[in-house]
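S.K.: Take this structure first; my questions come after.
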Amino acid sequence: MAFTIDPKIIYHLSKDPILKPIIEHCPLNIYKEPVSVMDDLLSSVISQQLSTKAAASIHERFVTMFPYGKNRIQQLLNTDIETYRSIGLSAQKSRYIKNIITFFEEHQLHDIDWSKWSDDEIVDTLVQIKGVGKWTAEMILIFTLFREDVLPLDDLIIRNNMAKLYNVTSTNRKLYKDLTAVAEPWRPYRSIASRYIWAAKNTSFVK
């Protein structure tokens, strides 16, 4: 389902003179799908360090081998590493997939209401899974759960684009501190602002 950004959010973010022209010239296409944190984590692991085409091919094989249905979780749990590898997954990614599925089963996370959890609670929970880092957890917050105020500074595109757009030249911890300060006026819609920063990639706004 297509998601229309609330005009009040556009108005708020457009107060930033650097962000305003990006908002005007880089429209966002946002679609809300039924929430499935586990499946989106699996997709994220499958696509890591792969081209879009290669990731799509392996994911299609994955879904074909493990079709959605009431017995899917048990099938995923009972499948050995070599079977996962047979569809093009590395041994490490196969283990990460097993880790995710096992964690969700052991902590009974399949049918919980994530809306009752804070952003920090979700991140702190998901990063307990070996193979899931802070960046992945933040992508789940933004793209799966549609949380509006996440600033994903561990994302290289966000860091690079923000640094170029706002002429931030610091490095390491100072860079994170300075970019956090840049984004402070975007609250409470830093996720939406970040989507525009991503959209600015390969445009004349980021040179």
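Just so it is clear, none of the values below were taken in a lab; they were calculated from the coordinates. All values derive from a computational prediction rather than experimental measurement. Positions of Cβ are backbone-derived with ideal geometry, glycine not excepted, and every protein chain shown enters the neighbour counts.
S.K.: If you bin the C-alpha pair distances of segment 37-144 every 5 Å from 0, what whole percents do you get?
M.R.: Using 5 Å bins, I get a P(r) of 2, 12, 23, 26, 19, 13, 5, 0 for segment 37-144.
S.K.: Please list 3J(HN,Hα) in residue order for segment 85-101, calculated via the Karplus relation 6.51 cos²θ - 1.76 cosθ + 1.60 where θ = phi - 60°; whole Hz, with x for glycine and proline.
M.R.: Per residue, the Karplus-derived 3J(HN,Hα) values read 5, 5, 9, x, 7, 6, 4, 5, 5, 4, 5, 4, 4, 4, 4, 4, 4 Hz.
S.K.: What FRET efficiency, computed as 1/(1 + (r/R0)^6) with R0 = 45 Å and r the Cβ-Cβ distance, is obtained for Gln108 and Asn167, rounded to the nearest 0.05? Don't jump to the answer; show the numbers that get you there.
M.R.: Details: r = 48 Å, r/R0 = 1.07.
Calculated transfer efficiency: 0.40.
S.K.: Between Ile30 and residues 5 or more places away or on another chain, which pairs have amide H atoms under 5 Å apart, with H built 1.01 Å from N, and which residues are they?
M.R.: Phe3
S.K.: In what sequence, highest mean first, do 133-143, 189-199, 24-34 appear when ranked by Cβ atoms within 10 angstrom?
M.R.: Output ranking for 133-143, 189-199, 24-34: 189-199, 133-143, 24-34.
S.K.: Trypsin sites (Lys or Arg not before Pro), restricted to segment 33-104: which are DSSP loop and have at most 13 other Cβ atoms within 10 Å? Spell out each step's value before the answer.
M.R.: Details: sites: Lys53, Arg61, Lys70, Arg72, Arg85, Lys93, Arg95, Lys98; in loops: Lys70.
Qualifying residues, ordered by number: Lys70.
S.K.: Also, quick follow-up: Would you look at the GNM of the chain, springs on alpha carbons closer than 10 Å, and say which of Val168, Val150, Val132 moves the most?
M.R.: It is Val168.
S.K.: Next question, about the same structure. Normalised by the residues of segment 37-144, what does the relative contact order come to in percent, with Cα pairs under 8 Å and at least six apart?
M.R.: On the way: 75 pairs, mean separation 33.4, N = 108.
Computed over segment 37-144, the figure is 31 percent.
S.K.: Right, another one. Return the tail of the calculated pair distribution for segment 1-64, meaning the percent of Cα-Cα pairs more than 17 Å apart.
M.R.: Working: 1229 of 2016 pairs.
Value for segment 1-64 (Cα pairs over 17 Å): 61 percent.
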